[in-house]
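Chemist: Have a look at the structure that comes next, please.
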Amino acid sequence: MIYLDYQATTPLAPEAREAMLPWLGGPEGMGFANPHSPHRPGRAAAAIVEVAREQVAALLPPGGRVIFTSGATEALNLALAGSRSTRLAVSAIEHAAVLDSARAIDAAVSILPVSAQGLVDPARPIPTGTGLVAVMQVNNEIGTVQPVEALAEAAHAAGALFLCDAVQGAGKLAPPVGADMIAISAHKLYGPKGIGALWVRDGVALAPLIHGGGQEQGLRSGTLSPALCAGFGAAATIAAARMEEDARTVDALWNAARDILSRWTLNGSPEHRWRGNLNLRLPGLDVARLMSDVRNVAFSAGSACASGSGRPSHVLKAIGLSDSEAKASIRLGFGRYSDLGELVDACERIEAAAAVQGV
């Protein structure tokens, strides 16, 4: 099987796995201890949590704190609901974790449109009275990189907080300077599933989303997993150290894929994007048949969160594609552990299968 779905999840880095193992201990060791307990094993578990917190914080701007969560969806909900802003503005291509949550909070949420290139214009006025603006750093479906620093400035000028979903950018790009809150997820940067974080700028007040024991600085009650924290921290450290190397790997993979799939049309900006995300369309393509014909390649027909719904991607619709164009699109995702030879093989199989369809 050739894995080309890095936007859905990334493989677990060996370093992250090794960091987790001591904290998954059975009765013969004390790695299983509750990090919120005052005894010695509990304090040891708490210490590794704080080490991991510092490792994750190193991926983010200075002048803020890291709150561990179960993932980016919880982090985004904490930011949106915890800010207590009743007037929200979010981009048209946000992940459902932002769009659906924003609509639940503000039925009249303002939707910021994007260009045909998949970019939000920072010069577009923010509606009067907006308390929070949310725009993601890198889109999970088409890979476009938003001008988040300029958007943060525009939000602040309008008197609003700025929230950035940096799930697809964390560990790959510089953090979104100027944001008031940043959500990230471990399993999108070669860490374990089940843990994410919300970075909160110093001075930004939030109300808790989950009540109970008052853990995580009173903002997120519940027992933390030292193993997940350790894996997240190790993955963050490796991502920071390998950022340039990983980018070079992705560039080589992108160039090889584009050479083979040269007749396919790219969805989203060719310049302002993360090149580990290749979203393409071919008029008349039957994507379901393609995925069946190339079943030894794991790729996506769109966002994994919406797969199987039968609805055209809201992201592809937002950049002006018709229903038929959106449904004739595929997403290939690759990264650190992708093999160039396997990628070439997969792209050749995809191209051959599309040609058999006569498109």
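The values are calculated or read from the model by the stated rules, or taken from the named source; none is laboratory data. As the structure is a prediction and not an experimental result, all values here were calculated from the model. A quick note on method: Cβ atoms are made from the backbone with ideal geometry, for glycine too, and the neighbour counts reach across all protein chains shown. Areas reflect the complete protein model, heavy atoms only, side chains present, ligands, DNA and RNA absent. Shrake-Rupley method; radii C 1.70, N 1.55, O 1.52, S 1.80 Å.
Chemist: For LEU151, are the conditions met, namely being farther than 23 Å from GLU244 by Cβ and in contact (Cβ under 8 Å) with a residue 60 or more places away in the chain?
Modeler: no
Chemist: Let me ask you something else. Count, please, the residues in segment 111-121 that happen to be buried (at least 18 other Cβ atoms within 10 Å of the Cβ) and among the small types (Gly, Ala, Ser).
Modeler: Total meeting the criteria: 1.
Chemist: If you check ARG43 against the conditions, is it out of contact with any Asp or Glu (no Cβ under 7 Å at 6 or more places or on another chain) and within 29 Å of GLN137 (Cα to Cα)?
Modeler: When the stated conditions are applied, ARG43 does not pass them.
Chemist: When you scan segment 29-38, do you find a residue that is of a type in the set (Gly, Ala, Ser), surrounded by 13 or more Cβ atoms within 10 Å (Cβ to Cβ), closer than 26 Å to ASP202 by Cα and in contact (Cβ under 8 Å) with a residue 40 or more places away in the chain, even just one? First the steps, then the outcome.
Modeler: Initial filter on segment 29-38 (of a type in the set (Gly, Ala, Ser)): 29, 31, 33, 37.
From the residues that got through so far, the ones that are surrounded by 13 or more Cβ atoms within 10 Å (Cβ to Cβ) too are 31, 33, 37.
Among the residues that remain, those that are also closer than 26 Å to ASP202 by Cα are: none.
So far as segment 29-38 goes, no, none of its residues is of a type in the set (Gly, Ala, Ser), surrounded by 13 or more Cβ atoms within 10 Å (Cβ to Cβ), closer than 26 Å to ASP202 by Cα and in contact (Cβ under 8 Å) with a residue 40 or more places away in the chain.
Chemist: Mind listing whichever residues of segment 347-359 are more than 27 Å from the chain's Cα centre (by Cα) and buried (at least 24 other Cβ atoms within 10 Å of the Cβ)?
Modeler: ALA354
Chemist: Here's another thing I want to ask about it. With open to solvent by 60 Å² or more (accessible area, probe 1.4 Å) and either charged (D, E, K, R) or at negative phi (or both) as the only criterion, which of ALA108, ALA134 stands out?
Modeler: The conditions single out ALA108.
Chemist: Right, next: For residues in segment 319-346 being assigned to a loop (DSSP other than H, G, I, E, B) and touching a Ser or Thr at 6+ places or on another chain (Cβ under 9 Å), which is surrounded by the most Cβ atoms within 10 Å (Cβ to Cβ)?
Modeler: PHE334
Chemist: Against the definition (open to solvent by less than 40 Å² (accessible area, probe 1.4 Å), within 14 Å of the chain's Cα centre (by Cα) and closer than 22 Å to LYS188 by Cβ), how does THR144 come out, yes or no?
Modeler: Considered against the rule, which asks whether it is open to solvent by less than 40 Å² (accessible area, probe 1.4 Å), within 14 Å of the chain's Cα centre (by Cα) and closer than 22 Å to LYS188 by Cβ, THR144 comes out as yes.
Chemist: List the strands (runs of 3 or more DSSP E) that sit entirely inside segment 178-291 and contain at least 3 residues that are hydrophobic (A, V, I, L, M, F, W, C), touching a Phe, Trp or Tyr at 6+ places or on another chain (Cβ under 9 Å) and modelled with pLDDT of 95 or more.
Modeler: Strands (runs of 3 or more DSSP E) meeting the threshold: 181-185.
Chemist: If you check LEU278, LEU253, LEU198, LEU261, which single one turns out to be more than 23 Å from LEU12 (Cα to Cα), in contact with a Leu (Cβ under 9 Å, 6 or more places away or on another chain) and not aromatic (Phe, Trp, Tyr)?
Modeler: That would be LEU261, the only listed residue that is more than 23 Å from LEU12 (Cα to Cα), in contact with a Leu (Cβ under 9 Å, 6 or more places away or on another chain) and not aromatic (Phe, Trp, Tyr).
Chemist: As an exercise: evaluate ARG124 against (1) over 17 Å from the mean Cα position of the chain (by Cα); (2) open to solvent by less than 30 Å² (accessible area, probe 1.4 Å) and give the number of the one condition it does not meet.
Modeler: (2)
Chemist: For ALA328, are the conditions met, namely being at pLDDT 95 or above, out of contact with any helix residue (DSSP H, G or I) (no Cβ under 8 Å at 6 or more places or on another chain) and not polar (S, T, N, Q)? Step through it out loud before you land on a result.
Modeler: Numbers: at pLDDT 95 or above: yes; out of contact with any helix residue (DSSP H, G or I) (no Cβ under 8 Å at 6 or more places or on another chain): no; not polar (S, T, N, Q): yes.
So ALA328 does not fit the description; no.
Chemist: Hey, does segment 281-302 have a residue that's at positive phi and open to solvent by less than 20 Å² (accessible area, probe 1.4 Å)?
Modeler: yes
Chemist: Could you list all residues from segment 216-253 that are touching a strand residue (DSSP E or B) at 6+ places or on another chain (Cβ under 9 Å) and surrounded by fewer than 18 Cβ atoms within 10 Å (Cβ to Cβ)?
Modeler: Answer for segment 216-253, where residues must be touching a strand residue (DSSP E or B) at 6+ places or on another chain (Cβ under 9 Å) and surrounded by fewer than 18 Cβ atoms within 10 Å (Cβ to Cβ): GLN217, SER221, GLY222, MET243, ALA247.
Chemist: Any idea which of (1) in contact with a helix residue (DSSP H, G or I) (Cβ under 9 Å, 6 or more places away or on another chain); (2) free of Cβ contacts under 8 Å to residues at least 60 places away in the same chain is the one VAL56 doesn't satisfy?
Modeler: The single condition VAL56 does not satisfy is (2).
Chemist: Mind telling me which of the residues GLY82, GLY129, GLY159 ends up being under 27 Å from ASP202 (Cβ atoms), surrounded by fewer than 22 Cβ atoms within 10 Å (Cβ to Cβ) and in contact with a Pro (Cβ under 8 Å, 6 or more places away or on another chain)?
Modeler: Going through GLY82, GLY129, GLY159 in turn, the sole match is GLY82.
Chemist: Would you tally the residues in segment 57-79 being farther than 20 Å from PRO208 by Cβ and surrounded by 19 or more Cβ atoms within 10 Å (Cβ to Cβ)?
Modeler: Matching residues across segment 57-79 total 2.
Chemist: Which of the residues belonging to segment 195-215 are open to solvent by 50 Å² or more (accessible area, probe 1.4 Å) and out of contact with any helix residue (DSSP H, G or I) (no Cβ under 6 Å at 6 or more places or on another chain)?
Modeler: Correct list: ARG201, ASP202, GLY203, ALA205, ILE210, HIS211, GLY212, GLY213.
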